[in-house]
Amino acid sequence: MIDIDRAAVERFWAAFCAHRGKDLPVPTAETFGDSPEMADELLGLVLDGTKRATASAHDSYAPAGEDLPQVADRWIPCDGKGIPRCVLETTDVRVGPLDSVDDQFAWDEGEGDRSRAYWLSEHQGFFERTAAGDGFTYSESMPTVFERFAVVWPPELADSPR
């Protein structure tokens, strides 16, 4: 578990709000993966423009008291030290069995060779490792949240003006 620097998140979000000229509630701040190294690696793929999708276990949301992501939600990914690095906006959400992932989603997630086979192998390992602690049981048909996103801030990293 990575400790998120909440003060840094609040300052980062305040800068985003000032840039937008709006005062908005601070969204979820979290990391990709389950280790500082994985958080840095996956966030690096976001920051360099490769990664524009992520997947999570549907059944991990309720035990954590979280809502499923919705289109237009914003969230802040943090690096392996818990420092915020950008603002993401959810552009698409689909819930389906883990093994329903398609080639395009695997490509958009941007990991490894970007193939469906690689995606399934890596996500199987990740979900098997994290299932018990996150309150779900792994299976190839487990309900999975397939989420696409865009980087919306800071401006030098943004996918398009929003």
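A few comments on the model shown:
- Under-5 Å amide H pairs with GLY80, H placed in peptide plane, nonlocal only: ASP40
- Selection among PRO77, VAL87, GLY49 by position relative to the dipole of the stretch 49-90 gives GLY49 as farthest towards the positive end (Cβ unit charges, Cα centre).
- The tail of the calculated P(r) for the chain, taken as Cα-Cα distances beyond 24 Å, holds 32 percent of the pairs.
- Taking amide H atoms as placed 1.01 Å from N in the peptide plane, the amide H of TRP153 lies under 5 Å from those of VAL87, each 5 or more residues away in sequence or on another chain.
- Size of charge dipole - the stretch 88-162 - debye, nearest 20, with Cβ of Lys, Arg +1 and Asp, Glu -1, no other charges: 140 debye
- Excluding ligands, DNA and RNA, the accessible surface per residue across the chain is 52 Å² with a 1.4 Å probe.
- The chain, accessible surface, carbon-and-sulfur percent (1.4 angstrom probe): 49 percent
- Per-residue ellipticity at 222 nm, computed for the chain from helices alone with -39500 (n - 2.57) per DSSP H run of at least four residues, works out to -10500 deg cm²/dmol.
- Lys, Arg +1 and Asp, Glu -1 on Cβ, resulting dipole of the stretch 1-141 about Cα centre, debye, nearest 20: 580 debye
- The value given for the stretch 37-124 is a Kirkwood hydrodynamic radius of 14.0 Å, derived from the mean inverse Cα-Cα separation.
- Computed from backbone phi with θ = phi - 60° and the Karplus coefficients 6.51, -1.76 and 1.60, the 3J(HN,Hα) list for the stretch 111-123 is 9, x, 7, 6, 8, 5, 4, 4, 4, 4, 4, 5, 6 Hz; x is used for glycine and proline.
- Residue by residue, the stretch 146-160 carries 3J(HN,Hα) couplings of 9, 10, 10, 8, 10, 7, 10, 6, x, x, 5, 10, 4, 5, 7 Hz when phi is fed to the Karplus relation 6.51 cos²θ - 1.76 cosθ + 1.60 (θ = phi - 60°); x denotes Gly or Pro.
- Computed from backbone phi, the HN-Hα couplings of the stretch 8-15 come to 5, 4, 4, 5, 4, 5, 4, 5 Hz, rounded to whole numbers (Karplus: 6.51 cos²θ - 1.76 cosθ + 1.60, θ = phi - 60°; Gly and Pro given as x).
- Spatially, the stretch 103-118 and the stretch 7-27 are offset by 32 Å when compared through their Cα centroids.
The values are calculated or read from the model by the stated rules, or taken from the named source; none is laboratory data. Small disclaimer: the values here were computed from a predicted structure and weren't measured. Glycine also receives a Cβ, built like all others from the backbone with ideal geometry; neighbour counts cover every protein chain displayed. Accessible surface is based on the protein model in full, side chains and every heavy atom, while ligands, DNA and RNA are left aside. Shrake-Rupley method; radii C 1.70, N 1.55, O 1.52, S 1.80 Å.
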